[in-house]
Amino acid sequence: MIQAPTMEIVIMAATIISKKAIKYRHELKIQINYSDYIILKNRLSKILERDKHAGPHGSYHVVSLYFDSLYDSALKKKINGNDKREKFRIRYYNDLSIIKLEKKIKYKGLCAKYSSLLSEKDVRCILNGDYDILLGEDPLKMEFYSKLKGEVLKPKAIVSYIREAYIYPVANIRITLDTKIHKSSDINNFLDNYSSVAIDDNIYLLEIKYNEFIPDIIKDIVYISSRRLDSFSKYAMSRGV
């Protein structure tokens, strides 16, 4: 039986990540329509490399379980446009062979992400309220443990979608097209056959992540007339915001 850590150990472990040099990246989101999606898909597939994790059809299925506090602080910070915010999620791709705990940080328009691997057993324990499996030497898991306990984080929504991803080595460019965005409150079946509904059949999302700058060739590829940057949040949309 694992002995529960003292409060001092939990606080120390929970602040390890914040003391590391955070590698922030730029992240742009643009809500597009079906016609835009087809145009972009054709352009990107001819010039950029596909993400190595994509399946034979060039895409993969992303399923995320988002956590928030008792008073929905992450959701409220997003709605209020706070410059600094964070959220925790558990995510798997296509199947349960790779499951990750992720912490995403937003700061003045920039983003950073930390992740740690979880097993299917770990996730089932977390869903059952058994958080001790997070105890150990992994600082992200320890921070998640401390916030599950201290901030009473709870799973609030499932979001799933189909993602096509393209990469370009200069400035570490990563461009994604997300379609078939669904939501679900069927938390207990997150790892099984959860039921879901489409957030909006007409929503397609273009995301561009990069380090210092966007090369001109990428600007030309992703240019869509009349489209503007958006603050689209899949989590907020899944909560009806």
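Considering each of LYS84, LYS78 in turn, give the residue that is buried (at least 16 other Cβ atoms within 10 Å of the Cβ) and within 19 Å of TYR24 (Cα to Cα). Show your work before the answer.
On the way: LYS84 fails: buried (at least 16 other Cβ atoms within 10 Å of the Cβ).
Selected residue: LYS78, the only one of LYS84, LYS78 that is buried (at least 16 other Cβ atoms within 10 Å of the Cβ) and within 19 Å of TYR24 (Cα to Cα).
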Restricting to segment 193-214, give me the number of residues that are open to solvent by 50 Å² or more (accessible area, probe 1.4 Å) and assigned to a strand (DSSP E or B).
1
Of the residues in segment 127-149, those that are surrounded by fewer than 20 Cβ atoms within 10 Å (Cβ to Cβ), in contact (Cβ under 8 Å) with a residue 24 or more places away in the chain and farther than 22 Å from LEU191 by Cβ come to PRO139, LYS149
Note down all Cβ pairs under 7 Å where the first residue falls in segment 41-63 and is under 28 Å from TYR194 (Cβ atoms), the second is β-branched (Val, Ile, Thr), and they're at least six residues apart or on different chains.
ASP51/ILE167; SER59/ILE162; HIS61/ILE162; VAL63/ILE158
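Considering only residues that are surrounded by fewer than 15 Cβ atoms within 10 Å (Cβ to Cβ) and either at pLDDT below 90 or part of a helix (DSSP H, G or I) (or both), look in segment 23-38 and name the one that is nearest to the chain's Cα centre (by Cα).
Step one: filter segment 23-38 for residues surrounded by fewer than 15 Cβ atoms within 10 Å (Cβ to Cβ), giving 23, 33-35, 38.
Still in the running and either at pLDDT below 90 or part of a helix (DSSP H, G or I) (or both): 23, 34-35, 38.
Values: LYS23: 16, TYR34: 23, SER35: 25, ILE38: 24 Å.
Filtering segment 23-38 for residues that are surrounded by fewer than 15 Cβ atoms within 10 Å (Cβ to Cβ) and either at pLDDT below 90 or part of a helix (DSSP H, G or I) (or both), the one nearest to the chain's Cα centre (by Cα) comes out as LYS23.
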Please determine whether any residue of segment 44-64 is open to solvent by less than 20 Å² (accessible area, probe 1.4 Å), more than 27 Å from TYR223 (Cβ to Cβ) and at pLDDT 95 or above.
yes
Residue pairs within 6 Å by beta carbon, gap of at least six or interchain, first lying in segment 210-225 and closer than 14 Å to LEU28 by Cβ and among the hydrophobic types (A, V, I, L, M, F, W, C), second open to solvent by less than 20 Å² (accessible area, probe 1.4 Å) and assigned to a strand (DSSP E or B), listed first then second, are ILE218/ILE173
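Taking into account only those residues within segment 6-22 that are in a loop (DSSP other than H, G, I, E, B), modelled with pLDDT of 55 or more and of a type outside the set (A, V, I, L, M, F, W, C), which is least open to solvent (accessible area, probe 1.4 Å)? Explain how you work it out, then say what you get.
Restricting attention to segment 6-22, the residues satisfying the condition of being in a loop (DSSP other than H, G, I, E, B) are 6, 15, 20-22.
Now drop any that are not modelled with pLDDT of 55 or more, which leaves 15, 20-22.
Subsequent filtering for residues that are of a type outside the set (A, V, I, L, M, F, W, C) retains 15, 20.
Details: THR15: 50, LYS20: 111 Å².
Here the answer is THR15.
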Hey, ALA171 hits all of (1) of a type outside the set (Phe, Trp, Tyr); (2) at positive phi; (3) open to solvent by 30 Å² or more (accessible area, probe 1.4 Å) but one; which does it fall short on?
(3)
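The values are calculated or read from the model by the stated rules, or taken from the named source; none is laboratory data. This one's a predicted model, so the numbers in the text were calculated from it and none came from an experiment. All Cβ positions, glycine included, derive from the backbone under ideal geometry; neighbour counts span all protein chains shown. We work out accessible area using only protein heavy atoms, side chains counted, and drop any ligands, DNA or RNA first. Shrake-Rupley method; radii C 1.70, N 1.55, O 1.52, S 1.80 Å.
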